[in-house]
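Contents: one structure, followed by commentary.
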Amino acid sequence: MARKESWSGRIKGGPVITPQLGCWIKFQLDLRNLAYRHVAEKAGVSESMVHNFVKGRKRSARVCMALVETLGFESFGALVAASRGKEAV
């Protein structure tokens, strides 16, 4: 049986967050004085789910999209590109 693909083009559940990307996301939230609670409310999940997503322990398309919107990016790709100091293609 074939696996379903999600909006991100990855296996259902959303992208995997690397430790470096997780640290950058946390830094960006801190710069904006935003807590995981804000992202959790936007995504309709618990704060611990957001924490585990940012740490790379869980995958969630809902949390990913909430982070993208909260941080003001057009897409997850744009967020990743910004974390690397590049513009999204």
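What number of residues within the range 21-38 are under 16 Å from residue 78 (Cα atoms) and exposed (fewer than 14 other Cβ atoms within 10 Å of the Cβ)?
0
List pairs: first residue in the range 50-79 and over 10 Å from residue 39 (Cα atoms), second residue exposed (fewer than 15 other Cβ atoms within 10 Å of the Cβ) and among the polar types (S, T, N, Q) anywhere in the structure, Cβ distance under 8 angstrom, at least six positions apart or on different chains.
56/18
Bear in mind these aren't lab numbers, they're just calculated from the coordinates by the rules spelled out. Everything numeric here is computed off the predicted structure, so don't read it as measured data. As a convention, Cβ positions derive from the backbone with ideal geometry for all residues, glycine included, and neighbour counts pool all protein chains shown.
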